[in-house]
Each structure stands twice: as structure tokens, then as C-alpha cells.
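Comments concern the structure below.
The values are calculated or read from the model by the stated rules, or taken from the named source; none is laboratory data. The structure displayed is predicted, hence computed values, not measured ones. Cβ: placed from backbone, ideal geometry, glycine included. Neighbour counts: every protein chain shown. Just so you know, the surface numbers come from the protein's heavy atoms only, side chains and all, with ligands and any DNA or RNA stripped out. Shrake-Rupley method; radii C 1.70, N 1.55, O 1.52, S 1.80 Å.
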There are 2 protein chains.
Amino acid sequence: MRTAIIAGEGRLPAALAAGMAEPPLVAAMDGSAPEGLTVDLRFRVERLVPFLRALERDGVGQVIFAGAVTRPRLDPALLDEATASLLPRLMAAMAAGDDATLRVVIELFEESGFSVVGVEAIAPALLPGAGVLAGSVSPHDEADAARAAAIVAALGAVDVGQGAVVAQGLCLAVEALPGTDAMLAEVAGIGALRPDPARGRGLFYKAAKPGQDRRIDLPTIGPETLRGVAAAGLGGVAFEAGSVICLDLPEMVRLAGGLGLFLWARG
Amino acid sequence: MRTAIIAGEGRLPAALAAGMAEPPLVAAMDGSAPEGLTVDLRFRVERLVPFLRALERDGVGQVIFAGAVTRPRLDPALLDEATASLLPRLMAAMAAGDDATLRVVIELFEESGFSVVGVEAIAPALLPGAGVLAGSVSPHDEADAARAAAIVAALGAVDVGQGAVVAQGLCLAVEALPGTDAMLAEVAGIGALRPDPARGRGLFYKAAKPGQDRRIDLPTIGPETLRGVAAAGLGGVAFEAGSVICLDLPEMVRLAGGLGLFLWARG
């Protein structure tokens, strides 16, 4: 039984493929380009049902979703009849947010007989367990991480984002659709509002949404995140242990050391 | 019994003073400049207790807090003994967020014998009740406002912000320390992530925090907000009826008309 990676943007699909014993089938949405992987099968949401049948024909029994996907604009002219009948369900889910959309997508794959698995099942080493992985964490950082965790949990409960920046108890930024890099760039430009760095530089915190389906959309950080955190003048990164994908952890640890940042999987 | 306005930045203190039968005493924190008002009394947080005594000497019995205040950096050298004894309480509150800080500041004024009142008591016309004040609201806008209200309630519960931008169910931005104008500027630059404007332009939503002390820090919008919303490419502004201060409502209504925006006090 073959595994298919439904690959979005970024490096996660390749990191997953590298950890698999048998080469996966790589499928990607039209317009989406996974880094470092050859795409075997292209698909469009408007032709979802024919795509599911093609996966079946290729012997795929198990699928994993990996990498960021921009919500597509749908072209009604491209719809086939079977996919058209699913559209009301998909559109309703898209209107209700990313989580709802992903839940329905998983349902549609499962109803077609595929089993949908998560990163834990394929490459558990990408999800570090509790521990300080680089630098050191002060009591200030612990307090900021606790406040950030409460904020991110509240945001996650309304399906907004998975990250926030907190310094000395102040919430400097919260992640929404534009994502982590945009948020960190905003913090870099925050200027005079920034609290006195002598009393704690603050941190970026990332966590899964409470109760989220762990087979899909687990938060991801990587070397770029650390560069953004350094440029934003923060002291480090804290994340929920066991629930955040670290792309190229050895490089992240090396980079955190070089940039004077802590990297903390908070248990 | 005289009323003192503890005036922060912006136009709200002057708008309040204009609505009062007797001229108030205007007090402002060092470094803070209320627009269009002469400051009678300057104060610093490090010398809070002497300031409270000065208010008392001037016959003040009732105070109202109005206008944005940047959280001050405290200079220990300036502390008097009485204020120093309050400092642990103030510092603990400041570490716990804006709401906690404001609650403690109100307590300190009340413990000194002042009554602390809100905008409702002084100038209720600044808080419009339910109704569409300009333009028209579509079912898409109603859905986006409902989603934004849920997001802002979740954020408010963790004392983060009072606003969010939602378009077609997607949360484009959430307000944190940098405030509304910074958030709208960010949305203006969001580019390709923006959902198809043909299916609803999205809105900026503003509301009080659930259970917040209504005597302090009620959210405020004004003509500048509408200009920012137009520049961000959104369709309009929705806000919680009776809980959001509108600075210069006639100008806001005129401006919304000119910019093709709706302005909606959502009941």
C-alpha cells in the first residue's frame, strides 16, 4: 500500500519524504511548488473526485497532508459533476475557517477509502519533545511563555493562528492569515512601543490549536523562523513540546547558538 | 465637586471636556499631550501619591480616564516614599497586562476617595447605539462581523486587543499592542493572500473586552480609522453598539459616505 504526500509549499514535504522507507507518491495542487521534490500528480480542487480516483488507481492507500496551501479561488467552469456535488460542503467549510476546511478535506479522503495519517506516524523525529534545545531560559522567559501559551490557546479556539509574540507580559503581535514571517517583520518595526529590553527581550511562541486534528496543519518552525526572531529583537523561541514540527533541527540549534537565541520545547 | 480628566493622547479628552457643563481640571502624564486641551496638572507614575493629594487640594472628587497612554518606564530615583510602597502592586499589575494595570490604577484612585466614572456618565452621545450609520451591510458582512466578534471576544478574554479584520470568514489580522492603525496598515500590504474582493471586501470590527471595566479603556474609533479601513481595501467598519467611542461621529458618517464604506453599530 503506497503513501501519497499531498504536498503544499515549503520544505516539509521533502523532509517527510526523506524519512520514509518507501518512496511516496507526491501530489500537489496546481500552482503549488514543494521544495526539493518532483511532483508525480497535479490536482485542482474543482476536480477533487477525479484526483481521488487517480490516487486509487496508483495504488495509494494512505495519505499525509504536508506544507502550506494558499486557499484556492475556485473556477466553476472546471468543475466535474461529482466534485460539483461536494461543493456546497466545501464552500461552507471554507467560509468557517481553515480548521473547518481541513476537517472536511480529511472527511472526503476518508469517505473515499484512504486513511489519513499525521507527521507522528511518518516522521516523529520532526516533533521534538520537552527540553531546552539551545541557549537558556530565564524566569522572565518562563512568565512570557506562560502568557503567550494562554493567548495562543484562546486564538486557536477561534481558529485564528498558532503563534504570538510576548515581551514582559505584553502581547506585541498575534499571528493571523499572513503568518509567522509577516508577524515577526511587524514586530521588527515596532519601535518605541517595545518594552525596555534590559528587562527581558521577549519571545515568539508557537503551539498547536487546542483539540486540533493532529494529522493536519501542525505548526511548523525552521531556520527562517529563528532569523526572523533575531531580526525582531526577541530573546528566543518557545514552542509546545511534541506538537510543533521543526524543519532541520540540527541547523536550528546551530543557528540559535550563533544568534544568541534560546530554543525551548516547553513541556 | 470638580471632575478631573486624566488625559492621555488623542482627541478623546477634548471631546469629553466639550460635553461637560463645568470646565474640568485636566491632568496629563509627563510626556503625554492631549490634543486641543490645556493641561492644568502634570504627573508622573513615580509620584502618584503626591499627584492624588494635589487633585484633592484642587477640590476634585470625580475623575475620568480618557485617551491612550503609553506604558511608562519608571525611574526609581523619582519615587517618593508613599508611592514606593504602592510599587509592588503596580509592577505586578503591569506584568499581567493592560487590563490588570488599569484595574489597579482605578483601585488606587478609589482608595484615595475619588469616584471614577466612565464616558457613559459624562458624554453618552459618544457611544452610538445599534444601527447602520452609513452605507449598507450585506449578508456577507453580517457573517464576517459575527466571526470577528467571536475572535475579538476570545482575544479580549486574554487581554490582548479589541479589534480584528475578517474577510470571507478569514481572519486577516488581529489587534495587539501596536493598535488599530498599525494593524490596518499591515492589512493594506497583505497582497496576494487577500480573498477575492468580488465576494465581500471584509471589515474591521471593534468591541469592548468581555467583562471589561467600562470606566476605562473603552475602544475608540474616529475618522482616521475610516481612512485606514479604506486604505486597507475593506468594505467597512462594524463595532459593538453602545461600547465603542466614536470621535466626531458626524464627520465619520460623512467620510464613510465619501469613501464608500459602511459604518455599523452592531447590536
- Item | Cut-off 15 Å between beta-carbons: net charge of the residues surrounding A:A238, Lys and Arg +1, Asp and Glu -1 | -1
- For segment B:55-171, what is the relative contact order in percent, using Cα pairs closer than 8 Å and at least 6 residues apart in sequence? 23 percent
- Note on the structure: For chain A, dividing by residue count, accessible area per residue (probe 1.4 Å) in Å² works out to 41 Å²
- Beta carbons within 10 angstrom, averaged per residue: use that to sort the peptides A:70-81, B:38-49, A:177-188, highest first. A:177-188, B:38-49, A:70-81
- Message: Only helices at least 18 Å long along their own axis, judged from Cα atoms, and with Kyte-Doolittle mean hydropathy of 0.5 or greater: name those in chain A from DSSP H.
- Response: A:81-95
- Task: Taking every pair of Cα atoms in the protein assembly as shown, average 1/r, invert it to obtain the Kirkwood radius, and report Rg/Rh to two decimals.
- Result: 1.02
- With A:Q168 itself left out, Lys, Arg at +1 and Asp, Glu at -1 over residues whose Cβ is under 10 Å from its Cβ give +3
- Item | Dipole in debye (nearest 20) - segment A:127-266, about Cα centre, beta carbon charges: Lys, Arg +1; Asp, Glu -1 | 200 debye
- Kirkwood Rh over Cα pairs of segment B:127-266 into Stokes-Einstein at 20 °C, 1.002 mPa s: D in µm²/s? 147 µm²/s
- Message: Contact order normalised by length for chain B, with contacts defined as Cα pairs under 8 Å and 6 or more residues apart; what percent is it?
- Response: 18 percent
- Note on the structure: With R₀ set to 51 angstrom, the calculated FRET efficiency between the beta-carbons of B:M1 and A:A130, to the nearest 0.05, is 0.30
- Kindly provide the helix-only [θ] at 222 nm of chain B, computed as the sum of -39,500 (n - 2.57) over DSSP H runs of four or more divided by all residues, to the nearest 500 deg cm²/dmol? -11000 deg cm²/dmol
- Item | Over segment B:2-122 - Rg/Rh using Cα atoms and the Kirkwood inverse-distance radius | 0.94
- Note on the structure: Here, B:D248 and A:S138, labelled 7 Å along Cα→Cβ, have an inter-label distance in nm of 4.4 nm
- Item | Label-point separation, B:S85 to A:L259 (7 Å along Cα→Cβ), nm | 4.8 nm
- Task: Please state the charge dipole magnitude for chain B, taken about the Cα centre, from unit charges on C-beta atoms (+1 on K and R, -1 on D and E), reported in debye and rounded to the nearest 20.
- Result: 420 debye
- Taking the Cα centre of the protein assembly as shown as the origin and placing charges on Cβ (Lys, Arg +1; Asp, Glu -1), which of A:S112, A:L259, B:A121 is farthest toward the positive end of the dipole? A:L259
- A:M20 to B:A96: FRET efficiency via 1/(1 + (r/R0)^6), r the Cβ-Cβ distance, R0 41 Å, to the nearest 0.05? 0.30
- Determine, at each q value in 0.07, 0.12, 0.13 (inverse angstroms), the log₁₀ of I(q)/I(0) that the Debye formula gives when each Cα of chain B is one equal point scatterer. -0.27, -0.74, -0.85
